[in-house]
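Following: one structure in structure tokens, then a few remarks.
The values are calculated or read from the model by the stated rules, or taken from the named source; none is laboratory data. For clarity, every value in this text was computed on a predicted model and none was experimentally measured. Here the Cβ positions follow ideal geometry from the backbone for every residue, glycine too, while neighbour counts run over all protein chains shown.
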Amino acid sequence: MRNVVIIGSGCAGNTAAIYTARANLEPLVIEGLEAGGQLTLTTDVENFPGFPEGIMGPELVENMKKQAQRFGAEFKPGDVTKVDLSSRPFKLWIGENEVETKALIVASGASARWLGLETEQKLIGHGVSSCATCDGFFFSGMPVTVIGGGDSAMEEATFLTKFATEVSIVHRRDDFRASKIMLDRARKNEKIKWVTGAVVEEVLGVEEGEVTGLRLKSANNGEAWDHETKALFLAIGHIPNTKIFKGQLDLDKEGYVVSHGGARTNIEGVFHAGDVQDKVYRQAITASGCGCMAAIEAERFLSDED
């Protein structure tokens with residue numbers, strides 16, 4: 001029997017672990033298939049307070065983990081495959097192993113949608129990114145490319161014009177899903193160029209260890225050509241890691257956990273933290289803040305129960 005189990009070991013989960021461990025709750029952290037969360041895909045992190053020279057993403061989450069372990073948090077590799085939240089204690093399964101807990105913090109995050117290209121995967125963190133706010137600054141004075149056709153793509157592209165010499169928006173169709181106001185704003189920006197009816201065949205620069213361009217192909221006639229760029233930003237959405245909670249936790253139409261105030265879910269004793277619920281900010285610092293909130297809520301819940 002555990003006091004608190006935390007699902008996820010990114011900024012949200014690790015911060016929740018620090019706070020609950022300091023409260024002598026001896027939390028168990030299930031690290032998940034993507035241990036460390038999305039920050040492990042980022043090289044330099046320059047916008048996390050307290051690191052004036054910046055810090056590598058994997059190093060930051062590893063430091064958080066060590067900090068939590070120092071106070072007594074236990075970390076377990078593996079992925080939660082099933083949960084039963086119908087009664088307390090809550091039950092979780094990591095493979096065939098069952099764990100019971102009095103309180104649960106869901107910090108399983110969200111995974112960026114990728115194109116699925118081998119060359120793309122090899123260059124994640126070296127010019128391929130799913131977060132313009134995180135990585136746009138590193139490409140100041142360079143041409144960059146955004147993939148997508150929705151509001152997120154327009155927002156990312158507009159943001160990137162603060163740094164890049166040119167921002168190309170590549171979209172497989174000629175029409176866009178983006179709202180009229182977002183599309184009009186992007187079209188008025190002289191730095192944004194439009195490449196429609198095209199798909200990415202290959203990300204160039206694997207041998208160089210950094211993005212040097214894209215191999216594009218026309219969705220209409222199959223013609224291929226090389227497009228020069230120094231970075232590729234994916235803005236084709238995120239997938240919240242909430243499949244195992246379907247039918248138990250309240251989820252919105254996109255699968256994100258619905259908040260019932262603070263860090264609370266619809267089930268008493270189950271709390272949310274980070275990108276599993278936040279589809280607006282998606283930053284390391286906001287995820288950490290949510291982890292703190294969830295931990296304090298869990299501590300108060302258990303204290304009231306006792």
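Couple of notes before you dig in:
- Qualifying residues in the range 164-183 (those that are touching a strand residue (DSSP E or B) at 6+ places or on another chain (Cβ under 8 Å) and either crowded, with 19+ Cβ neighbours inside 10 Å or not assigned by TED's automatic domain parsing to the domain that holds residue 146 (or both)) - the one farthest from residue 115 (Cα to Cα): 164
- Verdict on residue 153 being assigned to a helix (DSSP H, G or I) and either in the same structural domain as residue 55 (by TED's automatic domain parsing) or among the hydrophobic types (A, V, I, L, M, F, W, C) (or both): yes
- Residue check for residue 88: touching a His at 6+ places or on another chain (Cβ under 7 Å), charged (D, E, K, R), surrounded by 15 or more Cβ atoms within 10 Å (Cβ to Cβ) and within 23 Å of residue 12 (Cβ to Cβ): no
- When residues in the range 266-289 are screened for being buried (at least 21 other Cβ atoms within 10 Å of the Cβ) and either within 22 Å of residue 124 (Cβ to Cβ) or under 20 Å from the mean Cα position of the chain (by Cα) (or both), 11 of them pass.
- Cβ-Cβ under 8 Å pairs, at least 6 apart or on other chains, the range 34-56 side in contact (Cβ under 8 Å) with a residue 24 or more places away in the chain and at positive phi, far side of a type in the set (A, V, I, L, M, F, W, C) and in a helix (DSSP H, G or I): 36/61; 37/11; 37/12; 37/61; 37/287
- One residue from 203, 258 being at pLDDT 95 or above, under 20 Å from residue 84 (Cα atoms) and among the aliphatic types (A, V, I, L, M): 258
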